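The values are calculated or read from the model by the stated rules, or taken from the named source; none is laboratory data. Please read these numbers as outputs of a predicted model, since none were measured by experiment. Keep in mind that these areas ignore ligands, DNA and RNA; they rest on the heavy atoms of the full protein, side chains included. Shrake-Rupley method; radii C 1.70, N 1.55, O 1.52, S 1.80 Å.
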Amino acid sequence: MNKIYPDAKAALDGLTFDGMKVMAGGFGLCGIPENLIVALRDSGANDITAISNNAGVDDFGLGLLLQTRQIKKMVSSYVGENATFEKQYLNGELELEFNPQGTLAERIRAGGAGIPGFYTKTGVGTLIAEGKEHKDFDGETYIMETGLVADVSLVKAWKADKEGNLIYRKTARNFNPMMATAGKVCVVEVEEIVEIGELDADNIHTAGIFVDRIILGDHEKRIEKRTTRAA
């Protein structure tokens with residue numbers, strides 16, 4: 001099975017549709033599948049539910065799909081630096097399902113592991129808990145959260161071999177490994193593709209069995225907020 005595709009558009013061919021659920025890896029602008037996001041925008045798919053820690057910035061990352069109003073709902077933990085995200089939500093133009101960040105990560109991991117729901121103390125007694133099942137364990141109250149599964153997961157990794165085994169680089173790992181397991185189809189963009197056997201098996205973060213399609217990306221790697229100090 002050849003998992004290598006020539007570009008992002010080809011890698012998403014036949015996968016996009018109106019009303020789809022998409023997971024997109026990354027934290028801020030770190031480790032985002034920037035080429036695949038552009039291809040998703042260009043696909044014209046609408047009414048998308050996007051599951052991602054945040055939505056990038058106004059003109060980069062998932063912010064591009066907010067600008068074109070292709071996203072109907074965000075499942076996120078952070079509005080971040082995106083003024084378009086904030087404006088559309090406050091104006092009632094965008095649905096938002098807020099999650100504590102650890103809860104979001106665990107919901108994605110659970111979805112990938114085939115776990116439909118789990119209990120957590122995080123959010124008990126807050127707006128997060130409204131409408132959710134409560135249950136006591138050893139005298140402590142927990143709320144039930146559901147696992148998340150997407151139609152397509154868009155993932156950014158550092159290296160892949162031709163079987164789809166992946167290695168992420170440092171903090172760019174963030175949500176990407178969990179999302180790779182929680183999409184019905186997993187599409188990955190990487191900075192380098194190597195031959196099978198070239199990756200140290202002990203350093204592989206995502207096994208190729210989870211990966212369906214791979215592209216070699218050309219990455220801008222924009223810095224979200226540059227901070228410097230005086231010499």
For all pairs of alpha-carbon atoms in segment 150-221, what percent lies in each bin of width 10 Å, listed from the first bin to the last filled one? 22, 60, 18, 0
Take the solvent-accessible surface of the protein heavy atoms, probe 1.4 Å, and return the percent of it on the chain that carbon and sulfur atoms account for. 48
Helix-derived mean residue ellipticity, 222 nm - over the chain, DSSP H n ≥ 4, -39500 (n - 2.57), to 500: -5500 deg cm²/dmol
Note: segment 74-158, point scatterers on Cα, Debye, no solvent; log10 I/I(0) at q = 0.16, 0.17, 0.22 Å⁻¹ equals -0.76, -0.83, -1.15
Would you look at the GNM of the chain, springs on alpha carbons closer than 10 Å, and say which of LYS170, LYS21, LYS184 moves the most? LYS170
Rolling a 1.4 angstrom probe over the protein heavy atoms, how many square angstrom per residue are accessible across segment 86-231? 57
Step by step: find N for the chain, compute 2.2 N^0.38 Å, then divide the Cα radius of gyration by it. What's the final number? 1.03
Specify the angular offset, from 0 to 90 degrees and rounded to the nearest 10, of the alpha carbon long axis of helix 101-113 from the longest principal axis of the alpha carbons in the chain. 60
Cα-based helix-to-principal-axis angle, 34-43 vs the chain, degrees rounded to 10: 80
